[in-house]
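Heads up: the structure comes next, in structure tokens.
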């Protein structure tokens, strides 16, 4: 697991064109709506990692396709994030809200992986399918979740001390890098479910 995390952290910088690709992604990530290109690029990267194509980051091509991928990722993430809030607004107590929020946070990364595998938004909401994929790689997936949310918390603490102009610049670059880290981490953790599924078929 340790090596998987190290590889996920280092992977974006192993591309000979890493600086150019990262700068393009960070630039796109500075503006609302335009940042859907960066998010879509991440989904393309996740698709590659799941298929074992990890040598280089994707090229910045097919911008309409990247934008549509970004819309799909945003939709899936928004629904999983909104579900606990809807329950809270419906009057559930704080304890049940916390349970729902934890469940959504745990399921959403695999839902994004499922989206990368199929390209179909609605399949990301079929919870039995998502849970089946998680069970195939439960150990790796729980470890990836722990690392992912731990790193997010650390970054939030660090950036909370930055002044607004610096926060905007750092947030754009770090945010895009974290997109790529997410794709590299969960792509590696979840690729084994594809192998297990292929062997079972």
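The values are calculated or read from the model by the stated rules, or taken from the named source; none is laboratory data. No experiment lies behind these values; they were computed from the predicted model shown. So basically every Cβ, Gly included, is an ideal-geometry build from the backbone, and we count neighbours across all protein chains shown.
Residue check: is residue 182 over 13 Å from the mean Cα position of the chain (by Cα), in contact (Cβ under 8 Å) with a residue 40 or more places away in the chain and closer than 25 Å to residue 18 by Cα?
No; evaluated as a whole, the condition is false for this residue.
For region 14-97, give me every one of the helices (runs of 4 or more DSSP H) that falls completely inside it and has 2 or more residues that are over 13 Å from the mean Cα position of the chain (by Cα) and within 17 Å of residue 108 (Cβ to Cβ).
Those helices (runs of 4 or more DSSP H) span 63-89.
Tell me, yes or no, whether region 174-189 has at least one residue that is surrounded by 15 or more Cβ atoms within 10 Å (Cβ to Cβ), touching a helix residue (DSSP H, G or I) at 6+ places or on another chain (Cβ under 6 Å) and farther than 23 Å from residue 24 by Cβ.
For region 174-189, residues surrounded by 15 or more Cβ atoms within 10 Å (Cβ to Cβ), touching a helix residue (DSSP H, G or I) at 6+ places or on another chain (Cβ under 6 Å) and farther than 23 Å from residue 24 by Cβ: present.
Pick out the one residue from 105, 144, 124 that is under 14 Å from the mean Cα position of the chain (by Cα), at pLDDT 90 or above and surrounded by fewer than 16 Cβ atoms within 10 Å (Cβ to Cβ).
105
If only one of 36, 94, 88 is out of contact with any strand residue (DSSP E or B) (no Cβ under 9 Å at 6 or more places or on another chain), at pLDDT 90 or above and either surrounded by 15 or more Cβ atoms within 10 Å (Cβ to Cβ) or farther than 24 Å from residue 130 by Cα (or both), which one is it?
After ruling out the rest, the residue left standing is 36.
Of 171, 175, which residue is assigned to a helix (DSSP H, G or I), at pLDDT below 90, within 19 Å of the chain's Cα centre (by Cα) and within 22 Å of residue 73 (Cβ to Cβ)?
171
Select from region 122-138 the residues that are in a helix (DSSP H, G or I) and either out of contact with any helix residue (DSSP H, G or I) (no Cβ under 9 Å at 6 or more places or on another chain) or closer than 15 Å to residue 190 by Cα (or both) and list them in ascending order.
122, 124, 128, 129, 130, 131, 132, 133, 134, 135, 136, 138
Enumerate the pairs (first residue in region 73-101 and more than 30 Å from residue 180 (Cβ to Cβ); second residue anywhere and loosely packed, with under 15 Cβ neighbours inside 10 Å) with beta-carbon separation below 9 Å, excluding pairs fewer than 6 apart on the same chain, so at least 6 apart or on different chains.
Pairs that qualify, where the first residue is more than 30 Å from residue 180 (Cβ to Cβ) and the partner is loosely packed, with under 15 Cβ neighbours inside 10 Å, are 87/96; 88/94; 88/96; 97/85.
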